[in-house]
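For reference, the structure discussed in these notes is given below.
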Amino acid sequence: MAAESVDSGSMAQKPNIFRIKNKIRRAEVYKEMKKEQRKIQKKEKKRKMVEAKALGDKAPPKKIPRTIENTRVYDETMVNSLDEEVRKDEAEDEMSTYFNRKTTPKVLITSGDKPRTRTNQFCKELKKCIPNSQIYYRRGLDLKKIIPQAVSKDFTDIVIINEDSKEPNGLVISHLPDGPTAHFKMSNVRLTKQLKRHGAMTGHMPEVILNNFNTRLGHTVGRLLASIFPHDPDFHGRRAVTFHNQRDFIFFRQHRYMFKNAKRVGLQELGPRFTLKLRSLQKGTFDSKFGEYEWVHKRHEMETSRRKFFL
């Protein structure tokens, strides 16, 4: 009888849900099982915290979890920003005039012909986000004709928003007058009104934060993204624009940080929100026919491992 009670107790703790034929009952049992697992995990975490506090300096170090990021395939193009060779290349590249403060960013934002409502709204929010930017509608003009006009009017960058099925799905940034030009696939677009508890955007110059652009290609892309924003942020506005690269997906977020006390800081999202994936990097300004490409994403040839990243 004792053996039977032990067996029944173990079955109650960890039931074999696959033996339950009723779908609704199976879902309920699975939900209860996950709830119990979370309780056990929470209890174990609390026990470890109390133990670490009691041991103080003698507490064992925290284990570093194994992730795709920290086990990424070695890339020979990984660079250190303090490397002399990298510094020399960056001092002579197309964005050097911006970083040497010889030019002030002036950005032209445009889209395809007859953009839909959502694309128009996204362009307007991007204009608020990027200081000293202007929106121009294409009116059937070819991009190759727009670029010389933009250069003559002292624009330093062109941002083109592409759309498909009434949704913005692509972004092209072309640095003027000599390039480079980056083409991104854009996804997960959320306008400000779609964000919960969003804040109101102010006219303060934002701080620009670039995370995890570690390869030579990543450095170029990061510098290109940074060059569309002004040099000197207005720290009184506490407004920050973040380009966070994770597994070659670039997440764009805009926040206002708020000091709650001497140790705690809160974030309020201002919007918009979107994700970029680099498709190609082209030398010079936009030229789809005769342009020379520095890098092109070829999915089936290049994505040989889940731990292989390019930025």
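Observations, loosely collected:
- Of all the listed residues (LEU278, LEU217), the sole one being touching a residue at least 12 places away in the same chain (Cβ under 8 Å), of a type in the set (A, V, I, L, M), assigned to a strand (DSSP E or B) and surrounded by 16 or more Cβ atoms within 10 Å (Cβ to Cβ) is LEU278.
- Counting the residues of the range 100-126 that are within 16 Å of PRO177 (Cα to Cα) and among the hydroxyl-bearing types (Ser, Thr, Tyr) gives 2.
- So SER227, is it more than 17 Å from PRO131 (Cβ to Cβ) and open to solvent by less than 70 Å² (accessible area, probe 1.4 Å): no
- Contacts under 7 angstrom Cβ, first residue in the range 148-168 being more than 22 Å from PHE229 (Cα to Cα), partner open to solvent by less than 80 Å² (accessible area, probe 1.4 Å) and of a type in the set (Lys, Arg), 6 or more apart: LYS166/ARG118; GLU167/ARG118
- Restricting the range 80-136 to residues that are farther than 24 Å from GLY218 by Cα, in contact (Cβ under 8 Å) with a residue 12 or more places away in the chain and more than 23 Å from the chain's Cα centre (by Cα) leaves a set whose member that is most open to solvent (accessible area, probe 1.4 Å) is ARG116.
- Given (1) touching a Ser or Thr at 6+ places or on another chain (Cβ under 7 Å); (2) open to solvent by less than 40 Å² (accessible area, probe 1.4 Å); (3) outside any helix (DSSP H, G or I); (4) of a type outside the set (A, V, I, L, M), index of the condition THR71 fails: (1)
- Candidates are the residues of the range 279-311 that are polar (S, T, N, Q) and under 17 Å from THR215 (Cβ atoms); the one that is nearest to the chain's Cα centre (by Cα) is SER280.
- For the range 186-220, filtering for residues that are within 30 Å of SER81 (Cβ to Cβ) and touching a Pro at 6+ places or on another chain (Cβ under 9 Å) leaves 7.
- Test: LYS62 is basic (Lys, Arg) and under 30 Å from ASN245 (Cβ atoms): yes
- Any hit, the range 137-158, residues being open to solvent by less than 30 Å² (accessible area, probe 1.4 Å), of a type in the set (Val, Ile, Thr), in a loop (DSSP other than H, G, I, E, B) and within 17 Å of PHE286 (Cα to Cα): yes
The values are calculated or read from the model by the stated rules, or taken from the named source; none is laboratory data. Just so we're clear, the structure is a prediction, and the values are computed from it rather than from any experiment. Quick reminder, even Gly has a Cβ in these numbers, built from the backbone with ideal geometry, and neighbours come from all protein chains shown. Just the protein is used for accessible areas: all its heavy atoms, side chains included, with ligands, DNA and RNA removed. Shrake-Rupley method; radii C 1.70, N 1.55, O 1.52, S 1.80 Å.
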